[in-house]
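What follows is a set of notes on a single structure, which appears directly below.
Readers should treat all values here as calculations from the given coordinates under stated rules, not as data from a laboratory. These numbers come from a predicted model, not from an experiment. Cβ coordinates were reconstructed from backbone atoms using ideal geometry, including for glycine residues, and neighbour counts include every protein chain displayed.
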Amino acid sequence: MSRPTARVLAMLELLQTGGQRTVGELAARLGVDERTVRRYAEHLADLGIPVRAERGRYGGYRISPGYKLPPLMLTDDEAVAVVLGLGAAERAGLATTEEAATASALAKVSRVLPRALGQRIDSLLSTAQFTTPQFTTPVRTSAPAGADTLLGLASAAQARRTVMIVYTAWDGRESQRELDVYGLVFHSGRWYVTGRDHGRDDVRTFRLDRIASVRQGDGSYVVPADFDAGTQVVSGIAAVGWSYEVSVVLRTTLAEAGERLPRSAGRMSEHVDGVLLETRADHLDGMAQMLAGLGWDFEVITPDALRDEVLALSDRLRVSAARGAVAGPPATPQGP
């Protein structure tokens, strides 16, 4: 698409938002002079689009009310965002009307996409997993992944083709990895890819926003039959090296613990007295508050320092309760 044509379409997109745009505003947004804006308006009129010119000091252009505009033109990034949003809403049951409405909207958008892009997005929808957020899941600033990275990895996962990625670790070190893509997972505001890292000969997980490039290789592979990408990602996040190893027995059932706690909270298993939670933590005061907030009785196995934090929390709560009791209820106003 030539640059003048692209600018004409960009002007149409600006006018589609509604209202009137001054000639000066359009010129500034498009990076052209006002004379060129008037020529673009003539081009749109020649295409049958009713662009109305308003005269006067604050004159400009607008599209006639009631005109049915052509279908929206989406960039690859915009198309991925729309389709992913509809796909995630359908899987999570977030539709505001009939469940079939979300699927219908998704099908309509998919039909008008260019064939190549549509096939890549289909690969993404068939391979991606979306974890369900829980109340204990920490809120993180979202880290968007590039559409090319996301779609490239999804295509590789569906075709079972090895890829070469350039990855920047948390400490800024850059490395090239040869990866068999087992799955893509969206968890807590971030995209992750997990699979076999040839250089480490082990299953590893990588954040997509730290991947600079993706290049398809020549190798092929088979994903292990019992592999679950979502479980691998959230358990891997929970196993990151923290300051403390924590083991706690929760006085509840495994089913109830699974409903209240996300998989990223740690490893849970049946115990003779309830549920054994094995996890890691950087700050034990926060762990004590989380355990108290669950509402179940519990027993700290390790570390001893967590018992001290639980006792300290208990003392603070007693002091707060006693302070309220000493102060007594607020005085009742007397008289009119």
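What length, rounded to one decimal in nm, is gained on full extension from Glu78 through to Ala10, with 0.36 nm per residue of separation minus their alpha-carbon distance?
Result: 23.0 nm gained on full extension.
Counting other C-beta atoms within 10 Å, and keeping those with at most 13, which DSSP coil trypsin sites (Lys or Arg not before Pro) do you find in segment 169-218?
Answer in residue order: Arg173, Arg200.
What are the semi-axes of the equivalent ellipsoid of segment 202-300, taken as the square roots of 5 times the eigenvalues of the Cα gyration tensor, listed largest first and rounded to whole Å?
Those come to 33, 17, 10 Å.
Can you work out D for segment 3-63 in µm² s⁻¹ from Stokes-Einstein, where Rh is the Kirkwood radius over C-alpha pairs, the temperature is 20 °C and the viscosity is 1.002 mPa s?
Value of D from the Cα-based Kirkwood radius: 190 µm²/s.
Multiply the residue separation of Gln119 and Leu47 by 0.36 nm, subtract the distance between their alpha-carbon atoms, and state the gained length in nm to one decimal.
Result for the pair: 22.8 nm of gain on full extension.
Determine, from the Cβ-Cβ distance of Ser175 and Val222 and an R0 of 35 Å, the FRET efficiency 1/(1 + (r/R0)^6), rounded to the nearest 0.05.
Plugging the Cβ-Cβ distance into 1/(1 + (r/R0)^6) gives 0.85.
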